[in-house]
Amino acid sequence: MYKLIAIDIDGTLLNSKSELTERTIEVLKKASEKGIYIVLTSGRMSSVVNDFCKKIGADKYLIAENGASIVDMQNGEIIYKRYIPKNIVLDIVDICEENNIYYMVYTNKELIVKNLKHMALFFYKQNYNPNARLETHIAGRSYIESLEDDFTKIMICDEDRSVYNSIVNKLNKIESIDVTTIPHVSTKVLNVGTEQTTISYIYADIAAKNTNKWSAIEVLMNMLDIKSEEVIAIGDNINDIQMIKNAGLGVVMSNGSPVVKEIAKEIAPSNDEDGVAYIVEKNTLCD
């Protein structure tokens, strides 16, 4: 019997229009009412995904920032965290600025960028929950240096693959961080009024060493006395690999990365076909 279901958000829980469908809401609520822990595992900050948690009955725990933190949804407290030291953040910012590559620095309160481009522009213009808009601060190194906040992750983006690869090689030499590279071009459709603009870029996520979604799930498993074979993990991208590989049932969406499909135990229908609802219903509600 499965006791915990870990679900990625973008490209997995949400469809290609960034919508949460009624069928998905209904199925996940039923699983939650059955006593199964529904845990969203997102690269986003916790404040931006709280609304999704409430809608689907994921009201116990949330894994945010790609595993850098676990939030107790009952009281809003962070019960686990693995953040990047400020001196390392500044070293990474220096490398990015010296090599003219775009970077996004996440704290537990805000997103810091030098200007609005790539994914930062997408989230700023088309945030999924207007009541919990990701606070974006347009600033540079001096502002980052002045902060006493926790630094959860950094994202680098570029249109030029050769520039991107060069910076990734430099960052991989920093021993206290993990760099998760996304091999394919990410494409977002930005809706502004009646017009649509396509934004394309290559990106990588940077986190403290040994920080990933599965390491956070393991913390919850120990707390809740749950075994790996009692866990379903559903995702679509490179940052989901560890949890899909190690869960009792690791599932990738049919719209997911080919690399992830190689290690998944099952391929679900796409995020536009309610793939999450299909997997959860099939494995937990069809008694």
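The values are calculated or read from the model by the stated rules, or taken from the named source; none is laboratory data. Note that this is a predicted model, so its numbers are computed, not measured. Because the Cβ atoms are built from the backbone with ideal geometry, glycine has one as well, and the counts that use them run over all protein chains shown.
A few remarks follow.
- Qualifying residue in the range 175-189 (condition: over 19 Å from the mean Cα position of the chain (by Cα) and modelled with pLDDT of 85 or more): yes
- For residue 112, the conditions (1) free of Cβ contacts under 8 Å to residues at least 40 places away in the same chain; (2) farther than 13 Å from residue 153 by Cβ; (3) of a type outside the set (Phe, Trp, Tyr); (4) not in a loop (DSSP other than H, G, I, E, B) are fulfilled apart from (2).
- Any hit, the range 102-121, residues being touching a helix residue (DSSP H, G or I) at 6+ places or on another chain (Cβ under 6 Å), surrounded by fewer than 19 Cβ atoms within 10 Å (Cβ to Cβ), closer than 30 Å to residue 276 by Cα and at pLDDT below 90: no
- Flag for residue 94 being among the charged types (D, E, K, R), at pLDDT 90 or above and in contact with a helix residue (DSSP H, G or I) (Cβ under 8 Å, 6 or more places away or on another chain): yes
- Taking the range 205-237 as the range and being of a type in the set (Lys, Arg) and surrounded by fewer than 19 Cβ atoms within 10 Å (Cβ to Cβ) as the test, the residues that pass are 209, 227.
- Selection count, the range 33-56, where residues are within 19 Å of residue 21 (Cβ to Cβ), without any contact (Cβ under 8 Å) to a residue 60 or more places away in the chain and surrounded by fewer than 18 Cβ atoms within 10 Å (Cβ to Cβ): 3
- One residue stands out in the range 238-263 among those that are crowded, with 23+ Cβ neighbours inside 10 Å and assigned to a loop (DSSP other than H, G, I, E, B): the one that is modelled with the lowest pLDDT, namely 256.
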